[in-house]
Amino acid sequence: MAWRAFTALCLVLCSLLPAWASDTLKIGAVLSASGPASFLGEPEKNTLVMLQERINAKGGIGGKKIEVVIYDDESDVNKAVLAAEKLIKKDQVSAIVGPSISGNTLAIMNKAAEAKIPLLSMSAAEKIVNPVTPWVFKTPQSDRLAVQGILAHAKAAGVAKMAIVTVSDGYGQSGREVLKELIPAAGMELVADEVYGPKDTDMTAQLTKIGGAGAQAVICWGTNPGPAVVARNRAQLGMKTPLYMSHGVASQKFIELAGEAAEGLVLPASWLIVADQMPDGPYKTLLTGYITDYTSKFGVAPSAFGGYAWDALTLLAEAARISGDTTPQALRDGLEKVSGFVSATGTFTFSPTDHNGLDASSFAMVEIKGGKFVLLR
């Protein structure tokens with residue numbers, strides 16, 4: 001009887017142990033695999049599934065097999081919050097990757113921090129890591145780097161008067177703040193500041209105002225489908241003012257949505273989408289290997305957004321290697337010590353004051369020509 005009681009007690013105690021104490025490392029993911037932002041979440045999900053198989057075939061992370069628990073937030077902020085709570089309380093994950101959307105990340109990041117679980121966001125808004133929150137990191141390039149790239153290109157083209165049209169969600173609001181800061185700092189005049197809603201289907205009113213403001217170039221800041229509408233409306237109005245896009249549309253999906261109106265548009269983008277145009281070297285080898293494996297498995301090439309998921313999982317593996325452990329605290333501490341780590345989006349060097357870890361070299365300036373992204377040299 002005593003042995004049975006002891007065995008029962010052991011089973012109870014084992015059930016109370018956190019998930020990270022088992023032989024499996026649980027990593028949560030909140031992705032927009034469906035809904036309006038599925039062009040972000042689908043390649044992210046596919047990449048995580050592919051990497052999980054590859055990492056486990058090589059022995060896992062820190063000697064543990066990984067289990068990536070993926071929840072689809074359906075591009076909805078409330079569902080993202082519910083998914084994060086489920087990952088923290090029910091699944092007891094050791095880390096969370098995602099969400100895909102900036103607004104969804106901003107809604108859950110404090111929950112991860114309160115639970116002391118590292119969050120590796122796959123959203124771009126600078127607000128996610130500025131100011132730095134000890135438990136929150138992100139893999140996409142910050143909008144500040146993207147804006148700097150656009151403004152450098154525009155200034156070289158002689159642009160002195162700039163207009164902006166931004167979406168009124170978390171990504172757009174963050175980008176708008178940076179644009180309003182950096183355009184005057186670059187010596188340019190901001191002559192128009194227009195905003196549209198995430199579900200708006202016509203932006204001719206905003207573009208008409210911009211057309212009357214004397215802008216020499218326009219920057220559109222948003223993710224699909226809004227920017228494609230802006231591009232099509234611009235073409236319908238016969239506007240010739242150069243139009244820049246943000247890295248939030250750096251996928252073939254945008255070109256499909258915008259059609260011929262995408263021709264000639266310029267934007268900053270991850271090197272992944274122009275890997276075939278890069279000079280030979282280790283970075284190109286990494287990217288082309290990822291593209292080949294992904295295309296072989298899913299029948300289509302990955303987008304830059306899939307690259308953000310590649311970064312998230314490989315960075316967690318690197319953090320475990322550095323710290324020698326896979327507890328949430330060890331993964332967090334290891335992430336902050338990552339230095340010179342080459343991944344899909346660029347070379348990451350985190351620190352206590354930098355939880356994005358990328359610089360301007362992580363971006364390429366590209367132009368859309370003939371329905372393809374072409375590297376500007």
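The values are calculated or read from the model by the stated rules, or taken from the named source; none is laboratory data. Note that this is a predicted model, so its numbers are computed, not measured. As a convention, Cβ positions derive from the backbone with ideal geometry for all residues, glycine included, and neighbour counts pool all protein chains shown. Ligands, DNA and RNA are excluded from the accessible area calculation, which covers all protein heavy atoms including side chains. Shrake-Rupley method; radii C 1.70, N 1.55, O 1.52, S 1.80 Å.
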Averaged across orientations, what area in nm² does the convex hull of the alpha carbons in the stretch 322-377 project? 5.4
Who wins for biggest fluctuation among Ala185, Ala160, Ala112 in a Gaussian network model of the chain, springs between alpha carbons below 10 Å? Ala185
Shape box of the stretch 212-335 [Cα atoms, principal axes, largest first, Å]: 60, 32, 26
Thr295 and Thr349 label points (each 7 Å along its Cα→Cβ direction) are spaced in nm at 3.3
Starting with the highest mean, order 52-60, 355-363 by the number of other Cβ atoms within 10 Å, averaged over the residues of each peptide. 355-363, 52-60
Per residue, how much accessible surface does the stretch 234-340 expose to a 1.4 Å probe? Answer in Å², no decimals. 40
Neighbourhood net charge (15 Å Cβ-Cβ; Lys/Arg +1, Asp/Glu -1) for Asp276: +3
Amide H contacts of Asp359 (H built 1.01 Å from N, under 5 Å, at least 5 apart or other chain): Thr347
For Cα pairs less than 8 Å apart in space and 6+ apart in sequence, what is the mean separation divided by the residue count of the chain, i.e. the relative contact order in percent? 17
Per the Cauchy relation, a quarter of the hull surface: what is the mean projected area of the convex hull of the alpha carbons in the chain, in nm²? 19.4
When the accessible area of the chain is split by element with a 1.4 Å probe, what percent falls to carbon and sulfur? 55
